[in-house]
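Data first, discussion second: the structure below is written as structure tokens.
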There are 2 protein chains.
Amino acid sequence: MTQSEPESLYESVCRHARETALLASIESALGWDERTMMPPAAADYRAEQVTYLAGMIHRRRTDPQWGERLAALAEGPLAADPHSETGANIRRLKRQYEKRVKLPQGLVEELARTASLGQHVWQEARRNNDFASFLPILDKTFRLKREEADALGYPECRYDALLDDFEPDERTSSVARVLAELRDRLVPLVGRIGASPRRPDVSILLRRYPVDVQEAFGRQAAAAIGFDFTAGRLDVTAHPFCAGLGPRDCRITTRFNERAFGEAFFGILHEAGHGLYDQGLRADQYGLPAGDAVSLGIHESQSRMWENLVGRSRAFWQHFYPEAQKRFPEALGGVAIDDFYFAINGVRPSLIRVEADEATYNLHILIRFELEQALMDGQLPVGDLPGAWNEKYRHYLGIVPPNDSQGVLQDIHWAGGLVGYFPTYALGNLYAAQFFARADAELGGLAAQFARGEFEPLRQWLRRNIHEQGQCYSAAELVERVTGGPLSPEPLLAHLEAKLGPLYA
Amino acid sequence: MTQSEPESLYESVCRHARETALLASIESALGWDERTMMPPAAADYRAEQVTYLAGMIHRRRTDPQWGERLAALAEGPLAADPHSETGANIRRLKRQYEKRVKLPQGLVEELARTASLGQHVWQEARRNNDFASFLPILDKTFRLKREEADALGYPECRYDALLDDFEPDERTSSVARVLAELRDRLVPLVGRIGASPRRPDVSILLRRYPVDVQEAFGRQAAAAIGFDFTAGRLDVTAHPFCAGLGPRDCRITTRFNERAFGEAFFGILHEAGHGLYDQGLRADQYGLPAGDAVSLGIHESQSRMWENLVGRSRAFWQHFYPEAQKRFPEALGGVAIDDFYFAINGVRPSLIRVEADEATYNLHILIRFELEQALMDGQLPVGDLPGAWNEKYRHYLGIVPPNDSQGVLQDIHWAGGLVGYFPTYALGNLYAAQFFARADAELGGLAAQFARGEFEPLRQWLRRNIHEQGQCYSAAELVERVTGGPLSPEPLLAHLEAKLGPLYA
């Protein structure tokens, strides 16, 4: 083997991966359109389009010739350093390949078709508060996901196989342990808050906030934290998301409610946080692991950091509150900043995950995490899900949804075939607090910067330490490398106690 | 050969065509997004996506195995009747295949890439009134189009090869003859109008028409003539178009000008006319010639009919004018219907094709038709185009554009590689008038129906006689079959004389 051969083999492997990513980016474009723009009658044909592309992508990702080339490269010098750009690309692509060849083509296409149609059925079902109409396709989805897990194999339980799609190298048991540790400290904290005589006046946030002003203000805030609108968009959808349609095409979405200030505003900061990660990835490595996000948990850490650790901080509002008062004089003209700040940080058990406060949010995740494990194990029939959902809400949060639209039908994830995804939200909260504490220490006090409207130092720190690292490190390695220690619930708990202690006395 | 073999061969040929159409519909979705939604920084990667798809589509359309199957079918019983669904599908697919195999793959990809980038360069150039910045890519476009024509071959002149893409079976010489016949009668008519002492008060249309009200009114009118918004959308773009993204996904676009009522309103009727053709095609034949439009000229006949023969008729406004006055009380409250009707039918030489009146419009087309023939022959260097453009405007319309943005840079077509497209607009006007005269006779007086807000009989007539026929007949055959005679400029001239005579006395 001559010196130049490994390079040229590497290049051909990368070209293959980049072309596959190009097809996947087209699938993303169709998915974004489906959820923001597409007329309803187009759903059936869109499902055909997406199914066809998904099949093509799967064939490329499971091409045996490509697999052989990856295996050969993995033995060569370019793979020697697992954290180098080439080493990470080879290692991660090989791992993905080996996982994917286990899935039969027919199952992949059926999953894609079911996910596409499922989302439309779900939209109707949620609108009409009609779980029964959603049941058949949801049942089919979980049946297919069980087939998927069985085809993939798993170390301890079926759920491991699906979790690995979103949080590579994580185990269900390990996530369960961390979340239990968090819960054991959170529940008493929430209990002390519930017993406190102090209560924020949350009615402030339910006044009239004209939608067009909300949109302009949200755009201003997203741009201020660094979201690049020349390489991105903001649109309206039923269930907000962030989608990358290419290396310089990141689309975030939100939904507006004239009578709920926080829903769109913090939603936009959240999605813009995802967007900053996408926009911070290395464009020259687009389509390769070194230009891709580490895991959904790490992705979520970016969105939750901008939404909560930045967007709900007092310093952030020292800068933005005068602007908010100017834009919403009727609602906020006579409201003191401290009252507003308390209102946006109020802690109270609630029904809707995406509207939950920082403290109780993780309990919403625990519920879903436990339910989807039971569904995957087959212990819980899908038909019993609404009852089980309501029972868990009673148990963890002490409240019961009055209907399924505000209960089991609230999230799109299962409808879209995303099982094993929810725990990444809680992991994201933990990563976010741990990264933020480190950035705060290294950058010498972020609060003072935020109060002056300076968000660039934090964004650059995240770009350098996280975004530009791509998948050169696993989530666990990255946390260790950036913060000097393993993942721990301590930083999040310290943050919550530091913030909520003074507010609730 | 047993009895059942031809059917199964036919089915496999259709499956191949339908899958190719599916990829083409995805390319359409990306094209629509590019022109309505995409952030500017995404242009380069979008060009890569489109180029990749175009290459894939071209490979499928020129697959030799498929060509052999088509050739075999063309000899069989299913192709015996050329106007049957199967006969038309086989005949037209074979014709398209034989044309396409003449184009080298590299040229096809280069054309797609150049067209995608060209549109972005053009947008900037038009905005900055900077033809020089557009010149290099436009020059490249025409060089590639000459290569394309030479590769395709042609009966009489290079332009024939390109015209055939849009108006199959037409010849440049024959189009030139019909347009000359039209011009020889039109010029004196426009001259008599210019000499008339009567003038409409067109300032009525330049009052303030709030954009959001224009949009609502435009949507109402589009829905009233039958555009199905559950299977379509209306969006804003720089250069309005209508795109089919699937059998039940038709997207029309417009641009709004607060100070020009007609621009968006008649633009929407125009694009909705295209949309009605798309929505009237046979969904069960989607992706096959029997479910596709005959030609661009016939497509344009549908848009021009709804825009002009319906939308600018007095009867249409008998129904809609009270609504218009209600929606625009400031602009139209004190304006009599006759003055409004005269204003929207004013004839005056102008600079912008898409804003031109029914009578002078065809002169705008003649100019482009002549210029692109000269560019294709190589008689006119692309660098001399702005001068030649302005000279033609002086010659045909007696006016000269003050700058290139209002002159040679006004249309997107050449930037997008569409050469040979313009004459279909004039053919569309001729087909429209001829079809409309026939529908009027058969349906017993359309004016009275329009005045009552009844547009369904005309739409159903068009659907039956034109839309559902797909490509079972050529444009010339369809005109003959529907109207009982060959294409003639008489119906259009009769219509213009009947309308403009009384207005201009």
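The values are calculated or read from the model by the stated rules, or taken from the named source; none is laboratory data. As the structure is a prediction and not an experimental result, all values here were calculated from the model. Because the Cβ atoms are built from the backbone with ideal geometry, glycine has one as well, and the counts that use them run over all protein chains shown. We work out accessible area using only protein heavy atoms, side chains counted, and drop any ligands, DNA or RNA first. Shrake-Rupley method; radii C 1.70, N 1.55, O 1.52, S 1.80 Å.
Being in a loop (DSSP other than H, G, I, E, B) and open to solvent by less than 60 Å² (accessible area, probe 1.4 Å) is the filter here; which residues of segment A:192-206 pass it?
Just the residues of segment A:192-206 that are in a loop (DSSP other than H, G, I, E, B), to begin with: A:196-201.
If the condition is that a residue be in a loop (DSSP other than H, G, I, E, B) and open to solvent by less than 60 Å² (accessible area, probe 1.4 Å), then A:Ser196, A:Pro200 are the ones that fit.
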Of the conditions (1) of a type outside the set (Val, Ile, Thr); (2) away from chain A (no Cβ under 12 Å); (3) in contact (Cβ under 8 Å) with a residue 40 or more places away in the chain, B:Arg255 fails just one. Which one is it?
-> (3)
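Residue-wise test of (1) part of a helix (DSSP H, G or I); (2) out of contact with any Pro (no Cβ under 9 Å at 6 or more places or on another chain); (3) aliphatic (A, V, I, L, M).
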site	(1), (2), (3)
B:Ala290	yes, yes, yes
B:Ile298	yes, yes, yes
B:His319	yes, yes, no
B:Val335	no, yes, yes
Return yes or no: is B:Trp317 crowded, with 21+ Cβ neighbours inside 10 Å and either under 22 Å from B:Ser203 (Cβ atoms) or hydrophobic (A, V, I, L, M, F, W, C) (or both)?
-> no
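Which residue, of B:Ala47, B:Ala54, B:Ala43, is part of a helix (DSSP H, G or I), within 14 Å of chain A (Cβ to nearest Cβ), open to solvent by less than 20 Å² (accessible area, probe 1.4 Å) and touching a His at 6+ places or on another chain (Cβ under 6 Å)? Step through it out loud before you land on a result.
Working: B:Ala47 fails: touching a His at 6+ places or on another chain (Cβ under 6 Å); B:Ala54 fails: touching a His at 6+ places or on another chain (Cβ under 6 Å).
Going through B:Ala47, B:Ala54, B:Ala43 in turn, the sole match is B:Ala43.
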Which residue pairs have Cβ atoms closer than 6 Å, lie 6 or more positions apart in sequence or on different chains, and pair a first residue in segment B:211-225 that is under 16 Å from B:Asp235 (Cβ atoms) and among the aromatic types (Phe, Trp, Tyr) with a second residue that is open to solvent by less than 10 Å² (accessible area, probe 1.4 Å) and part of a helix (DSSP H, G or I)?
-> none
Looking at segment A:60-92, which of the residues that are farther than 20 Å from A:Ala475 by Cα and under 27 Å from the mean Cα position of the chain (by Cα) is most open to solvent (accessible area, probe 1.4 Å)?
-> A:Arg61
Please enumerate the residues belonging to segment B:43-59 that are within 13 Å of A:Ser25 (Cα to Cα) and either among the aliphatic types (A, V, I, L, M) or touching an Asp or Glu at 6+ places or on another chain (Cβ under 6 Å) (or both).
-> B:Arg46, B:Ala47, B:Val50, B:Leu53
Go through segment A:207-236 and give me each residue that's in a helix (DSSP H, G or I) and away from chain B (no Cβ under 14 Å).
-> A:Val213, A:Gln214, A:Glu215, A:Ala216, A:Phe217, A:Gly218, A:Gln220, A:Ala221, A:Ala224
How about segment A:65-83: which of its residues are farther than 14 Å from A:Ala17 by Cβ and free of Cβ contacts under 8 Å to residues at least 12 places away in the same chain?
-> A:Glu68, A:Glu75, A:Ala80, A:Asp81, A:Pro82
Can A:Ser8 be described as more than 30 Å from A:Leu234 (Cα to Cα), open to solvent by 40 Å² or more (accessible area, probe 1.4 Å) and either part of a helix (DSSP H, G or I) or within 13 Å of another protein chain (Cβ to nearest Cβ) (or both)?
-> yes
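This table checks each residue for (1) of a type in the set (Gly, Ala, Ser); (2) within 14 Å of chain B (Cβ to nearest Cβ); (3) more than 30 Å from B:Arg15 (Cβ to Cβ).
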| position | (1), (2), (3) |
| --- | --- |
| A:His58 | no, no, no |
| A:Arg61 | no, no, no |
| A:Pro64 | no, no, no |
| A:Pro77 | no, no, yes |
| A:Asp81 | no, no, yes |
| A:Ala88 | yes, no, yes |
Counting only helices (runs of 4 or more DSSP H) entirely within segment A:350-453, those with at least 1 residues that are open to solvent by less than 30 Å² (accessible area, probe 1.4 Å) and either at pLDDT below 95 or of a type in the set (Ser, Thr, Tyr) (or both) are A:361-377, A:385-397, A:423-443
Taking the condition open to solvent by 20 Å² or more (accessible area, probe 1.4 Å) and either touching a Leu at 6+ places or on another chain (Cβ under 7 Å) or among the acidic types (Asp, Glu) (or both), does B:Asp228 pass?
-> yes
How many of the residues in segment B:237-252 are in contact with a strand residue (DSSP E or B) (Cβ under 9 Å, 6 or more places away or on another chain) and either in a strand (DSSP E or B) or within 12 Å of chain A (Cβ to nearest Cβ) (or both)?
-> 9
Within segment B:93-135, residues in contact with an Asp or Glu (Cβ under 8 Å, 6 or more places away or on another chain), assigned to a loop (DSSP other than H, G, I, E, B) and surrounded by fewer than 17 Cβ atoms within 10 Å (Cβ to Cβ) come out as B:Asn129, B:Asp130
